[in-house]
Amino acid sequence: MKNEILWFSMLVANFLFILFAYKKFGKIGLYTWIPISTILANIQVVLLVDLFGFGTTLGNILYAGGFLVTDILAENYGKKHAQKAVYLGFFSLIVMTVIMQIAVSFIPSNIEEGILMFEGVKRIFDFMPRLVIASLISYLVSQSHDIWAYEFWRKKYSAPKHIWIRNNASTMISQLIDNSLFTLIAFWGVYPKEVLIEIFITTYIMKFIVAVCDTPFVYAAHYLKKKNMIEEAE
């Protein structure tokens with residue numbers, strides 16, 4: 001039960017931080033959150049925990065936060081600004097991968113504590129090329145689809161009361177695309193099909209829950225913008 005409480009606590013904290021960043025720094029605050037969420041999500045994804053009776057990796061909450069950010073940008077500023085955030089996240093992933101691959105290639109100092117620390121960091125950042133490719137492709141495709149789908153549903157349901165439709169209809173399908181691409185590219189041929197299906201289902205369930213929970217925060221961001229309560233940074 002402790003893990004479930006911590007998971008929901010991190011979910012709420014993640015979304016509240018996004019809303020706070022938007023309130024205090026406006027559009028720049030949302031852009032800033034994109035590299036934060038993408039980098040931390042790729043660190044947390046190596047952490048395997050038990051949640052709701054299933055084994056799953058962390059990182060789903062922070063990764064899903066990127067969809068919340070692009071939905072807020074699409075809702076309040078338009079498709080162009082949301083797409084810019086996606087490119088920023090993609091660039092952040094590439095930079096993190098390249099820089100940290102160089103960093104973990106150094107020879108550590110011959111001090112026991114230093115060697116242990118170095119090896120710990122290396123386990124996190126010394127990604128296999130296949131996982132890096134899976135992450136980059138799934139991120140770019142799913143996030144770009146999310147922006148397109150949000151705009152598609154907004155044309156059909158443009159009223160503010162229908163934010164929940166365009167938010168969930170875009171995010172849930174985008175999460176499905178992301179989960180499918182990452183699982184197939186990263187793990188096809190590595191695990192038996194039964195294991196692949198279990199990974200796919202459990203991971204998507206977690207992402208589905210996060211997608212549902214982020215809807216009130218899109219409404220909150222819309223309200224703050226409508227009431228001119230956003231402090232846009234220069």
Item to complete: List, in order, the whole-Hz ³J(HN,Hα) value for each residue of the range 168-179 obtained from phi through the Karplus relation with A = 6.51, B = -1.76, C = 1.60 and θ = phi - 60°; use x for Gly and Pro.
Response: 6, 5, 7, 5, 5, 5, 5, 5, 5, 4, 4, 5
Worksheet item: With the other protein chains left in place, how much accessible area per residue, in square angstrom, belongs to the range 1-51 at a 1.4 angstrom probe?
Response: 52
Worksheet item: Roughly how big is the range 29-156's charge dipole about its Cα centre, with Cβ charges of +1 (Lys, Arg) and -1 (Asp, Glu), in debye to the nearest 20?
Response: 660
Discussion item. Per DSSP helix of 4 or more residues, -39500 (n - 2.57); summed, then divided by the residues of the chain. What does that give at 222 nm, rounded to the nearest 500?
Written reply: -27000 deg cm²/dmol
Worksheet item: Tell me, what % of the accessible area of the chain is carbon and sulfur with a 1.4 angstrom probe?
Response: 72
Fill in: At most 13 other Cβ within 10 Å, DSSP loop - chymotrypsin sites (Phe, Trp or Tyr not before Pro), the range 86-138
Phe106
Worksheet item: Taking springs between alpha-carbon atoms closer than 10 angstrom, which of Lys161, Lys23, Lys207 fluctuates most in the Gaussian network model of the chain?
Response: Lys161
Discussion item. Rounded, prolate or oblate, given the Cα gyration tensor of the range 67-109, with a/c below 1.5 counting as rounded?
Written reply: prolate
Practice prompt. Can you bin the range 164-222 into rounded, prolate or oblate? Criterion: square roots of the alpha carbon gyration tensor eigenvalues sorted a ≥ b ≥ c, rounded for a/c under 1.5, prolate for a/b above b/c, oblate for the rest.
Written response: prolate
Worksheet item: Give or take rounding to whole Å, what are the principal axis extents of the alpha carbon atoms in the range 60-203, in descending order?
Response: 63, 37, 20
Worksheet item: Binned at 10 Å from 0, what are the whole-percent values of the Cα-Cα distance distribution for the range 143-187, short to long?
Response: 30, 43, 19, 7, 0
Practice prompt. Once you've got the Cα coordinates, tell me which of Lys2/Lys24; Lys79/Lys225; Lys24/Lys155; Lys27/Lys207; Lys155/Lys226; Lys84/Lys161 are over 28 Å apart.
Written response: Lys2/Lys24; Lys24/Lys155
Practice prompt. Starting from the Cα of Lys23, draw a straight line to each of the aspartates and glutamates and keep only those under 13 Å, dropping any in the same chain fewer than 8 residues away.
Written response: Glu231, Glu232
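The values are calculated or read from the model by the stated rules, or taken from the named source; none is laboratory data. Source: prediction; values computed, not measured. Ideal geometry is used to build each Cβ from the backbone, glycine not excepted, and the neighbour counts take in all protein chains shown. Heavy atoms of the whole protein, side chains included, go into the accessibility calculation; ligands, DNA and RNA do not. Shrake-Rupley method; radii C 1.70, N 1.55, O 1.52, S 1.80 Å.
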